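What follows draws every value from the coordinates through simple rules; no lab data is involved. Because the structure is a prediction, the values reported are computed rather than measured. All Cβ positions, even for glycine, are placed from backbone atoms using ideal geometry, and neighbour counts span all protein chains on display.
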Amino acid sequence: MKKNIIGIAANQHYQNNQDFFDQQFTYSPQGFIDGVHQAGGLPILLPISDPELASDYITSIDKLLLAGGQDVTPFLYNEEPHPKLGQTSIDRDTFEMALIKEAIKQNKPIFTVCRGTQLLNVTLGGTLYQDLAQYPDWEVKHDMFPTVPDFGLHSITVKSESTLAPLFGERAQVNSYHHQAIKDLAESLVPIAWAHDGIIEAVESREKNTKILGVQWHPELTHKNDSKEQSLFDYFVQNFE
Ligand SMILES: [Mn+2]
């Protein structure tokens with residue numbers, strides 16, 4: 001049987017090291033590669049590129065996966081930078097926004113993680129808390145640092161009859177490694193999981209024929225020792241279409 005080709009939008013890393021001649025490297029966290037392989041998919045990396053190439057990239061894949069990383073550039077949702085804004089990459093933002101729009105246009109399923117979910121929301125017209133300090137009801141630790149985020153630290157409540165419910169049940173534990181979060185949700189998305197303090201932890205498409213699933217946590221860091229996290233990759237690669 002033909003394997004589904006999963007395009008993983010890559011990040012760039014500057015290796016300040018003489019052995020590597022101070023080059024830039026294109027990479028994806030290994031957990032995404034392993035999770036997709038384990039699910040029977042064929043992962044390929046989509047390097048940060050001119051947004052005009054998004055249509056060709058999306059044509060060459062079956063499904064799109066957006067990973068974590070930098071904060072989303074706030075002027076993309078018409079805000080000035082908050083003092084607690086972290087590192088941003090406008091090149092990555094604009095390329096990934098083009099990938100999302102093109103995947104929707106070509107009717108290819110999308111799975112987003114952490115920053116990917118935040119960027120998805122911004123692409124579709126939503127806004128973010130640039131830092132959780134801006135969220136008036138903030139009372140859960142969403143950035144596990146300095147603990148290694150390889151286990152579920154905070155709970156989530158999952159909406160019944162959502163894409164997530166058959167995989168996670170009504171309540172589950174997830175890891176958490178974010179200081180930004182969804183503020184105003186895009187109209188075309190619906191929330192399907194929340195942390196105890198009300199922060200949106202997962203979303204899906206309001207229009208059921210558009211296959212979009214986004215999570216705020218990091219399944220790529222827990223999928224090896226938490227079968228429900230691997231089930232996210234399995235469902236996305238094998239069934240989500
Ligand atoms: Mn969280």
Checklist outcome for this item: Stokes-Einstein D for segment 56-187 (4 °C, 1.567 mPa s, Kirkwood Rh from Cα pairs), in µm²/s, comes to 81 µm²/s
Item to check | Point-to-point label distance, GLU79-TYR27, nm (Cα→Cβ direction, 7 Å offset) | outcome: 2.9 nm
Next on the checklist: Could you sort the peptides 182-188, 137-143, 116-122, 60-66 by per-residue average Cβ neighbour count (10 Å cutoff), highest mean leading?
Outcome noted: 116-122, 60-66, 182-188, 137-143
Checklist entry - Based on the Cβ-Cβ distance from ALA133 to THR59, what FRET efficiency comes out when R0 is 45 Å, to the nearest 0.05? => result 0.60
Checklist entry - Which whole-number percent is the relative contact order of the chain (Cα, under 8 Å, 6+ apart)? => result 20 percent
Item to check | Farthest toward positive dipole pole in the chain [+1 Lys/Arg, -1 Asp/Glu at C-beta], among THR123, ASN209, GLY198 | outcome: ASN209
Checklist entry - Whose amide H sits under 5 Å from the amide H of LEU46, counting only residues 5 or more places off or on another chain, with H placed in the peptide plane? => result ILE8, ALA9, ALA10
Checklist outcome for this item: Label model pair ASP197, THR210: point-to-point distance (7 angstrom along the Cα→beta-carbon line) in nm is 3.0 nm
Checklist outcome for this item: Hydrodynamic radius by Kirkwood for segment 5-239, inverse mean 1/r across distinct Cα pairs, in Å, is 17.8 Å
Checklist entry - Given the C-alpha centroids of segment 202-225 and segment 37-109, what is the distance between them in whole angstrom? => result 15 Å
Checklist entry - Rounded to two decimals, what is Rg over Rh for segment 1-108 when you use alpha-carbon atoms and the Kirkwood radius? => result 1.01
Next on the checklist: My understanding is that a pair violates if its Cα-Cα distance is over 24 Å; which of LYS141/LYS228; LYS141/LYS211; LYS2/LYS101 do that in this structure?
Outcome noted: LYS141/LYS211; LYS2/LYS101
